[in-house]
Amino acid sequence: MQGYLFNIGTAAGAAAGRLGHGILLAKNTVTGPAFIETSLPNVYSHWGDFLEAMRDTLIMELWAGGISFCIGLVLGVVLTVMRPGGILENKPVYQALDKIVNLFRSIPFIILLTALMPLSRLIMGTAIYVRGAIVPLVFGCTPFFIRQVEAALAQIDYGLIEAALSMGCSPLDVIVRVYLKESVGHIARATTITAISLLGLTAMAGAVGAGGLGDFAIRYGHDRNMTDITWTTVIVLVIAVSIVQTLGGWIAKKNTH
Amino acid sequence: MIELVNIVKEFKVTGRGEAVHAVNDVSLTVEDGDIFGIIGFSGAGKSTLVRCINLLGRPSSGKVIIDGRDMMSLSDKELREARKKIGMIFQHFNLMPSRTVEENVAFPLKGSGLTKDQIHEKVMKLLKLVEIDEKASVYPSQLSGGQKQRVAIARALANDPNILLCDEATSALDPQTTQSILQLIKRLNKELGLTVVVITHEMAVIKSICNKVAVMENGRVAESGDVFAIFTDPQQQITKNFIRTTSNVSKVYEFVENDAEVVRLKEGEVLAILHYRQPEDVSVPLISTASRRYEVNLNILFADVEIIDNKSIGDTVVILQGENDNVSEAIKYLERHNLRVEVVKDARISV
């Protein structure tokens, strides 16, 4: 009961923070390039907020993405090698990890955002703003990436593992020199998909006052009916997704022979 | 020397308590310098058995002794070192697709203490040995099956092993490429003194390079021994079946069954298969002697006679024509000279 009340309290606090944040940003007087003034008047007058939103999104994407990548890669490998028939078969660890991943995969992100507030406060010192969004973003993104890594590694023909073992490779050799090295292309594709889905999650992180482009579009584009802001945000996101997709595709192609 | 003693390998069937015996109490000895063939239909347990040699699949019970060392008692680290001296090649080659030919062959040399230049030199030497050095910088996807297997052989030889395990190494190759890979394996066996264990389901592979063979069925060795002895005097039905697959003479049974024109006999004729089983003197022209001496015609329909280990072996399908008694005498004559005469169809008038 105590925890429940506590959660509601923090959610309300977050909402208040968001409002305060918005008012604060509205005072930002930086203006954009002149040609935008006529065609996109609201984007022009909120140019400072717009830049800040892009920066926040980028920060969330890079931090949460970077952390998820590292954790996801390790746990994806752990799941692969410890599964029944794997090179380091370990049923209890595999089963436990598998269930935990399923658990977090099944919680909707918007619930995860509020449910992880205490943990966020513990780790990051706050449950709001960009800092407060990192922990839930990592929890929302990592299980997805773990499954992606698992799928990528599953594409490695077991014959390659067998060949490496027959040549006297240790399990660590097999992981680094076969599983990871031979699946760089697959992992690049998995990372691309995850990075793009993470971009979607960062938009929701506005609910804890994290800012970012999603929040910017809702607050101005939707709440104040400034459609040019909505469309500009969408275009920026489309460009961002295209860049990530192109980069990922290029790395994948370069590593596929 | 590889000694397998009472090897048993069980697999648990999931969901049920019972275990399947993939390999059931197999004992084999492979001498140094042998090319030892293990033949069987798929599911006979031969691939499982060969994986017991380098412990890629640990036997449920039994002993694996290589050059006097009990492999099962080695620590993980010792086992990894021991595996470096046992090369292995596979049906699907198992080359690393993201590495070039040169990098693939260099793969097992990491941590060997050699410098980069020494590794390069050694890799090129190995690639020359298997005659594929001009492909050093290409990726496996650009190679044909035979070329891939050559690279795989070079990789298997990188740590100078004294044993080479071939798991269906030619099963994914066309007949011509199969022969060239087999000849390569035979050459390496001679030049490097490699002991080779060959797993296959094709008797032709055994016939062309092996000196010893074990025939496996249902996880057990049905029959084993020198290749020539097995070919000339197979004891088990499965061995006979395998030998039949190497000869096109068995077609004659089909012809008879379908009443094909070629095997339709006139009155007094006899259709027979002459099985050459090491006649004591190959220089005696048995067929023409029989023909002249007993006044019978021997019409050779087709034949499949080969020289294995400098001895002639194989079958000839003939139609004998002549007087009843003469035909019988001719058959007796041939049998006296160690030919087994199998009468397939007899159109003599019964007396």
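What to note about this one:
- In summary, B:I66 fulfils each of the numbered conditions (1) in contact with a Gly (Cβ under 7 Å, 6 or more places away or on another chain); (2) surrounded by 15 or more Cβ atoms within 10 Å (Cβ to Cβ); (3) more than 10 Å from chain A (Cβ to nearest Cβ) with the single exception of condition (1).
- So A:T191, is it touching a Gly at 6+ places or on another chain (Cβ under 9 Å), of a type in the set (S, T, Y) and away from every other protein chain (no Cβ under 14 Å): yes
- For the residues B:K122, B:K110, B:K128, the requirement of being within 14 Å of chain A (Cβ to nearest Cβ) and either open to solvent by less than 50 Å² (accessible area, probe 1.4 Å) or closer than 25 Å to A:G168 by Cβ (or both) singles out B:K110.
- Residue among B:V318, B:V305 that alone is at pLDDT 90 or above and under 14 Å from B:Y276 (Cβ atoms): B:V318
- Residue-level check: of (1) open to solvent by less than 40 Å² (accessible area, probe 1.4 Å); (2) in a helix (DSSP H, G or I); (3) hydrophobic (A, V, I, L, M, F, W, C); (4) touching a residue at least 12 places away in the same chain (Cβ under 8 Å), A:A163 misses just (4).
- Unique residue being in contact (Cβ under 8 Å) with a residue 24 or more places away in the chain and in contact with an Asp or Glu (Cβ under 8 Å, 6 or more places away or on another chain) when the list is A:I156, A:I175: A:I156
- Residues located in region A:129-151, provided they are more than 17 Å from the chain's Cα centre (by Cα) and either in contact (Cβ under 8 Å) with a residue 40 or more places away in the chain or surrounded by 21 or more Cβ atoms within 10 Å (Cβ to Cβ) (or both): A:E150
- Among the residues of region A:151-160, those that are assigned to a helix (DSSP H, G or I), within 14 Å of chain B (Cβ to nearest Cβ) and touching a helix residue (DSSP H, G or I) at 6+ places or on another chain (Cβ under 9 Å) comprise A:A152, A:L153, A:L160.
- Candidates A:T233, A:T191 - the one that is open to solvent by less than 20 Å² (accessible area, probe 1.4 Å), closer than 20 Å to A:G65 by Cβ and under 20 Å from the mean Cα position of the chain (by Cα): A:T233
- Considering only residues in region B:76-103 that are among the hydrophobic types (A, V, I, L, M, F, W, C) and closer than 14 Å to B:Q142 by Cα, the one that is farthest from the other protein chains (Cβ to nearest Cβ) turns out to be B:V101.
- Counting only strands (runs of 3 or more DSSP E) that fall entirely inside region B:258-345 and contain at least 2 residues that are without any contact (Cβ under 8 Å) to a residue 60 or more places away in the chain and closer than 27 Å to B:R244 by Cβ, the qualifying elements are B:297-308, B:311-321.
- Leading residue by the ranking (nearest to B:R51 (Cα to Cα)) among those in region A:172-187 that are more than 9 Å from chain B (Cβ to nearest Cβ) and open to solvent by 40 Å² or more (accessible area, probe 1.4 Å): A:L172
The values are calculated or read from the model by the stated rules, or taken from the named source; none is laboratory data. Everything numeric here is computed off the predicted structure, so don't read it as measured data. Virtual Cβ from ideal backbone geometry, glycine too; neighbours counted across all protein chains shown. Protein only, heavy atoms only, side chains kept; ligands, DNA and RNA dropped before computing areas. Shrake-Rupley method; radii C 1.70, N 1.55, O 1.52, S 1.80 Å.
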